[in-house]
Amino acid sequence: MTSSAATPRAATSRTDIDVRPITETEFEDWNRALNIGFLREPTPAREELDARRPEFRRGRSLGAFDGGRCVATLRSFAQELTAVGGAAVPADAISNVTVSPTHRRRGLLTRMMAQDLAAAKERGDVVATLIAAEYPIYGRYGFGPATWMTEWTVDVPRSGLDPRWAGPEDGGRVDLVDAEDVRKLGPELHERLRVAQPGAVSRTEHWWKFATGALSHRPTWTEPCFAVYRSADGEVEGMVSYKADDHWDDSMQPQNTASVNWLLAVSPAAERALWHYLCSIDWIVKVRSGWRAPDDLLPSFLPDPRAATVTIQTDWLWVRVLDVVRALEARTYGAAGRLVLEVVDGSGPAGGRYRLEASADGTGTCAATTESADLTLDVAGLASLWLGDESAVRLAALGRVREERAGAARQADALLRTSRRPWCPDLF
């Protein structure tokens, strides 16, 4: 007779798995599932739970439960995303998405995503956002890549910069600061950047505590170095967080790399000064730039731009439009014009036909219409165009946009594309 322990349990049906917001008592189990999904040590340390608990918002952390055990996770939180022109739109930021390896291909992510996006639409969020760990997943939920990220590695000896550099020549200065200074000065500097940078997202007090070690998911935390650039009149216009390794070759020559965690600057002078500072640190022979916009000024600040080689280039912020009218009216436009868009969204909230009218002053109005469409595209394609990075002509060549009127894709590019590429400095 076979023992019950040796008898395989039948796979749980999809309908038997409960997908719902977690309760406070399920927080630890939810974090265990999260760690398993991200291939980390399963049992969360007490410090890890304590650090994550302030991020818990009732109703916005979803779990899938099979027999009382959490087997999938999704968390969302309130965010503001900067549209072209500087307006902040309310966004549903999605993070911590996992499905345990025992429960793949059962539709759990689809159910969690449907719940979260429906709640976001009900709240009045204009878009949803995420950083995609895997490219193929999120297009089927209406998300499209809206910004890209590039990381450069600078070969300092080849850069042509003066290694004897001792500070900016514009009357400004670079100073080292500590974590407390960063928590005081950083939020205001970031807000100045955010209103000028399409694709940038809001940062909470919680973010700044993590970035400066006041909170940490890990029992040990390595403190980075922090430096600020002050203009000639003493105003903080730039800030950088970086770490350096300690590597010397067999002939006792330094081979150290400075790795940037993040760099914020609201003026080209601040950017130039901070990059030159990083490249002038004794013993540093390489500088890794961290996550930058694909058209970042960094390589052109160097006398020899070839000294900056691309280390990483990838899609970054993905956007899902929830309210087409508000999204298109929130941004500004590069020319006057009129365009009718047929947006395909299956059973989602964004489907329909919309007339966009842009004025010479850059403002736009949008309304549902029954007029003939100029362009037909899916909601993911609209997301890629909305922040101004993608080209409608390019998407038409790829078969993702269909011209219903000759020349409509070129007109869309004249209206929608931006002179500088959108950029999201953050991972969330």
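The values are calculated or read from the model by the stated rules, or taken from the named source; none is laboratory data. Note that the structure is predicted; figures quoted are calculated from it, not measured. Because the Cβ atoms are built from the backbone with ideal geometry, glycine has one as well, and the counts that use them run over all protein chains shown. Ligands, DNA and RNA are excluded from the accessible area calculation, which covers all protein heavy atoms including side chains. Shrake-Rupley method; radii C 1.70, N 1.55, O 1.52, S 1.80 Å.
Note on the chain: with a GNM built from Cα contacts shorter than 10 Å, the maximum mean-square fluctuation among 31, 96, 256 falls on 256. Taking chymotrypsin sites (Phe, Trp or Tyr not before Pro) across region 246-307, the ones in a DSSP loop with at most 15 further Cβ atoms lying within 10 angstrom of their Cβ are 283. Set against the labelled values (1) 20.9; (2) 26.8; (3) 19.5, mean projected area of the Cα convex hull in nm² computed from this structure falls on (2).
Counting only the backbone N, which residues of region 260-291 are under 16 Å from the spot 7 Å out from the Cα of residue 243 toward its beta-carbon? The answer is 260-263, 287-291. Using a cutoff of 8 angstrom between alpha carbon atoms and counting only pairs six or more residues apart, the relative contact order for the chain works out to 18 percent. In whole percent, and with a 1.4 Å probe on the protein chains, what portion of the accessible area of region 278-428 is carbon and sulfur? Carbon and sulfur together cover 49 percent of it.
Say R0 is 35 Å: what FRET efficiency, to the nearest 0.05, do residue 420 and residue 400 get from their beta-carbon distance? FRET efficiency, residue 420 to residue 400: 0.90. Going by accessible surface with a 1.4 Å probe and the largest first, 359, 76 read 359, 76.
Distance between the 7 Å Cα→Cβ label points at residue 25 and residue 306: 6.7 nm. Averaged over its residues, the chain has an accessible area of 47 Å² per residue, based on protein heavy atoms and a 1.4 Å probe. Note on residue 357 and residue 49: the model spin-label points, each 7 Å out from Cα along the C-beta direction, lie 5.9 nm apart. Solvent-accessible surface of protein heavy atoms, probed at 1.4 angstrom with all chains present, puts 280, 159 in the order 280, 159, largest first. Rounded to the nearest 0.05, what FRET efficiency do residue 18 and residue 313 give with R0 = 41 Å and r taken as the Cβ-Cβ distance? Could you check? FRET efficiency, residue 18 to residue 313: 0.50.
For trypsin sites (Lys or Arg not before Pro), the sites in region 132-186 that DSSP calls loop and that have at most 10 other Cβ atoms within 10 Å are 164. Remark: the residue 191-residue 297 segment gains 36.1 nm on full extension, using 0.36 nm per residue and subtracting the alpha carbon distance.
Per-residue Karplus couplings for region 38-52, computed as 6.51 cos²θ - 1.76 cosθ + 1.60 with θ equal to phi - 60°, are listed in order as 9, 6, 9, 4, x, 6, x, 5, 4, 5, 5, 5, 5, 6, 7 Hz, Gly and Pro entered as x. Looking at region 117-204, the GluC sites (Glu not before Pro) that sit in a DSSP loop and have at most 11 other Cβ atoms within 10 Å of their own Cβ are 134, 169. Put 22, 312 in order of accessible area, highest first, and with a 1.4 Å probe you get 312, 22. Cβ-Cβ distance of residue 371 and residue 173, R₀ of 51 Å, FRET efficiency by 1/(1 + (r/R0)^6): the value works out to about 0.30. Annotation: amide H of residue 19 within the under-5 Å range of 65, sequence separation 5 or more or interchain, hydrogens built in the peptide plane. On region 1-160, 53 percent of the accessible area sits on carbon and sulfur atoms, based on a 1.4 Å probe. The GNM of the chain, with springs linking C-alpha atoms under 10 angstrom apart, assigns the highest mean-square fluctuation among 81, 328, 395 to 395. Once both labels are positioned 7 Å from their Cα atoms along Cα-to-Cβ, the gap between residue 283 and residue 216 label points is 2.0 nm.
Taking the Cα centre of region 50-145 as reference, the dipole from Cβ charges on Lys and Arg (+1) and Asp and Glu (-1) amounts to some 400 debye.
Among 223, 80, 41, the largest mean-square fluctuation in a Gaussian network model of the chain (Cα springs under 10 Å) belongs to 41.
What's the center-to-center distance, using Cα atoms, between region 232-265 and region 52-120 in Å? Each part's Cα centre sits 35 Å from the other's. Here the sum of -39500 (n - 2.57) over DSSP H runs of 4 or more residues, divided by the residues of the chain, equals -7000 deg cm²/dmol at 222 nm, to the nearest 500.
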